[in-house]
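Student: Got a structure here, written out as structure tokens. Questions coming.
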Amino acid sequence: MARYSNKKAEKETRKAVPPALIAYHVTEARKEGEKGFWTRVGAAWEHEDGKGLTLQLDLVPVAGGRIVLRAPNEDQEGGA
């Protein structure tokens, strides 16, 4: 049995696009005056139609904290 094949999709190749946002896991500071700890956990890309984002998490935090999405710094734009 032959598999369905979308010839148009096979011909189109996607170009590498830098992420629109970087995902960080942020844990709160334990003591007064300390800063929270930020760990990069993934990135998000805008959909072609501009109506949403695709979030790719490279790891999922199991402890408390929150996920923060931030615009990448200029020095981060080279890699996802």
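Student: Of all residues being of a type in the set (Gly, Ala, Ser) and either surrounded by 10 or more Cβ atoms within 10 Å (Cβ to Cβ) or in a loop (DSSP other than H, G, I, E, B) (or both) in the stretch 1-27, which is modelled with the lowest pLDDT? Just the residue, please.
Tutor: Looking at residues that are of a type in the set (Gly, Ala, Ser) and either surrounded by 10 or more Cβ atoms within 10 Å (Cβ to Cβ) or in a loop (DSSP other than H, G, I, E, B) (or both), I get Ala2.
Student: Now for a separate question. If you check every pair at least six apart or on different chains, which have Cβ atoms under 6 Å apart with a residue in the stretch 39-57 that is under 28 Å from Thr27 (Cβ atoms) first and a residue that is among the aromatic types (Phe, Trp, Tyr) and part of a strand (DSSP E or B) second?
Tutor: The qualifying pairs are Arg40/Tyr24; Thr54/Trp45.
Student: Now for a different question. Can you pull out every residue in the stretch 28-56 that is surrounded by 12 or more Cβ atoms within 10 Å (Cβ to Cβ) and over 23 Å from Lys15 (Cβ atoms)? Let's see the steps before the verdict.
Tutor: Filtering the stretch 28-56 down to residues surrounded by 12 or more Cβ atoms within 10 Å (Cβ to Cβ) leaves 36-46, 53, 55-56.
Those that are surrounded by 12 or more Cβ atoms within 10 Å (Cβ to Cβ) and over 23 Å from Lys15 (Cβ atoms): Gly36, Phe37, Trp38, Thr39, Arg40, Val41.
Student: Which residue is modelled with the highest pLDDT, if the candidates are limited to the stretch 67-78 and must be over 12 Å from Arg40 (Cα atoms) and outside any helix (DSSP H, G or I)?
Tutor: Ala71
Student: I would also like to ask the following. What are the residues in the stretch 37-64 that are out of contact with any Gly (no Cβ under 8 Å at 6 or more places or on another chain), not hydrophobic (A, V, I, L, M, F, W, C) and not in a strand (DSSP E or B), if any?
Tutor: Result: His47, Glu48, Asp49, Gly50, Lys51, Gly52, Pro61, Gly64.
The values are calculated or read from the model by the stated rules, or taken from the named source; none is laboratory data. These numbers were taken from a predicted model, which means no experiment stands behind them. FYI the Cβ positions are ideal-geometry reconstructions off the backbone, even for glycines, and counts take in every protein chain you see.
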